[in-house]
């Protein structure tokens, strides 16, 4: 099988899964849901208690390393770099600079080919990353030699408590089996007053619209994406993990292949950015397509 590709996705992801498991809501642990959509026989469920959107059944945890091997086999540096014109990195850099202007020690989990780490080299940060692709790690070593990169999934790496002043996860949390445990674990790696910044897709509203307009070229991308977080559910994760002053932004878009894709992306994104600006950052409309949520560790 192959993960269904949205029009803005540049990576083919063939996969084989031997074992899957049913899961309940990761946020509130309830098992009352409605089915929002179905992709490749995986149900996209919406929790009736807290609103978290998640896939069930999901690949078992020991299936994930092999599952992602198929994705990285098709991933080329040039293709990945072409997806970003700097919009994403500039936006996330501005959040980090605004909330931690003094700099310090930063960890980028799932750093990929190091574009975000590279955007920070002129700021007062000591840079560390984690990544599962050895190809990507080698590229970061060439392009961001000041960064220290650790090989492995989040579950494979260990850091002392309080090791970092900022931790970022960019397009990572939607892939993990247990977001609640993941956030709790990485919170321990942050020093008091440290910044946690998480960027994730926000696709569920489009999946609901697809029930009426099935021709929309947008997919959940199950089972690569296991969760879809909203401006309501992701800040709740941070609050429960001991973060305060939690804020949500509309994430800036990656580029697409061709002018039509660019027009579609900015046509959807621009009204949301305008409404967000007019409301002083308080309103994020349902078709924002991606969000960046950030908070400060207080306990």
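The values are calculated or read from the model by the stated rules, or taken from the named source; none is laboratory data. What you see is a predicted model, and the numbers here were worked out from it, not measured in a lab. A quick note on method: Cβ atoms are made from the backbone with ideal geometry, for glycine too, and the neighbour counts reach across all protein chains shown.
Among the residues of segment 115-143, the ones that are in contact with a helix residue (DSSP H, G or I) (Cβ under 9 Å, 6 or more places away or on another chain), free of Cβ contacts under 8 Å to residues at least 60 places away in the same chain, surrounded by fewer than 22 Cβ atoms within 10 Å (Cβ to Cβ) and part of a loop (DSSP other than H, G, I, E, B) come to 2 in all. Residues in segment 210-242 that are part of a helix (DSSP H, G or I) and either in contact with a helix residue (DSSP H, G or I) (Cβ under 9 Å, 6 or more places away or on another chain) or modelled with pLDDT under 95 (or both): 234, 237, 238, 240. Regarding residue 245, is this residue touching a residue at least 40 places away in the same chain (Cβ under 8 Å), at negative phi and outside any helix (DSSP H, G or I)? When the stated conditions are applied, residue 245 does not pass them. Among the residues of this structure, residue 46 does not count as one that is within 19 Å of residue 132 (Cβ to Cβ), in contact with a helix residue (DSSP H, G or I) (Cβ under 9 Å, 6 or more places away or on another chain) and crowded, with 16+ Cβ neighbours inside 10 Å. Taking the criterion of being in contact (Cβ under 8 Å) with a residue 40 or more places away in the chain and within 12 Å of residue 207 (Cβ to Cβ), the residues of segment 1-41 that qualify are 4, 6, 36, 37, 39.
Yes or no: segment 159-173 includes at least one residue that is surrounded by 15 or more Cβ atoms within 10 Å (Cβ to Cβ), touching a helix residue (DSSP H, G or I) at 6+ places or on another chain (Cβ under 8 Å) and on the phi > 0 side of the Ramachandran plot. Within segment 159-173, not a single residue is surrounded by 15 or more Cβ atoms within 10 Å (Cβ to Cβ), touching a helix residue (DSSP H, G or I) at 6+ places or on another chain (Cβ under 8 Å) and on the phi > 0 side of the Ramachandran plot. Can you name the residue in segment 60-101 that is modelled with pLDDT of 95 or more and loosely packed, with under 12 Cβ neighbours inside 10 Å and is also farthest from residue 121 (Cα to Cα) among such residues? Once the filter is applied, the top-ranked residue is 98. Would you confirm whether any residue within segment 102-114 is assigned to a strand (DSSP E or B), over 21 Å from residue 243 (Cβ atoms), in contact with a strand residue (DSSP E or B) (Cβ under 7 Å, 6 or more places away or on another chain) and modelled with pLDDT under 95? Taking every residue of segment 102-114 in turn, none turns out to be assigned to a strand (DSSP E or B), over 21 Å from residue 243 (Cβ atoms), in contact with a strand residue (DSSP E or B) (Cβ under 7 Å, 6 or more places away or on another chain) and modelled with pLDDT under 95.
The condition (being farther than 29 Å from residue 56 by Cα and in contact with a strand residue (DSSP E or B) (Cβ under 6 Å, 6 or more places away or on another chain)) is satisfied by just one residue among 245, 249, 228: 245.
Please tell me if residue 286 is modelled with pLDDT of 85 or more and in a loop (DSSP other than H, G, I, E, B). Criteria met by residue 286. Regarding segment 219-226, can at least one residue be identified that is surrounded by fewer than 15 Cβ atoms within 10 Å (Cβ to Cβ) and either under 28 Å from residue 106 (Cα atoms) or free of Cβ contacts under 8 Å to residues at least 60 places away in the same chain (or both)? Scanning segment 219-226, I find no residue that is surrounded by fewer than 15 Cβ atoms within 10 Å (Cβ to Cβ) and either under 28 Å from residue 106 (Cα atoms) or free of Cβ contacts under 8 Å to residues at least 60 places away in the same chain (or both), so the answer is no.
The residue list 45, 34, 19, 30 contains one member that is within 24 Å of residue 183 (Cα to Cα), more than 19 Å from the chain's Cα centre (by Cα) and at pLDDT 80 or above, which is 30. Looking only at segment 248-274, count how many residues are part of a loop (DSSP other than H, G, I, E, B) and under 28 Å from residue 296 (Cα atoms). Counting residues in segment 248-274 that are part of a loop (DSSP other than H, G, I, E, B) and under 28 Å from residue 296 (Cα atoms) gives 4. For residue 182, the criteria (1) under 17 Å from residue 107 (Cβ atoms); (2) free of Cβ contacts under 8 Å to residues at least 40 places away in the same chain; (3) surrounded by fewer than 19 Cβ atoms within 10 Å (Cβ to Cβ) hold in every case but one, which is (3).
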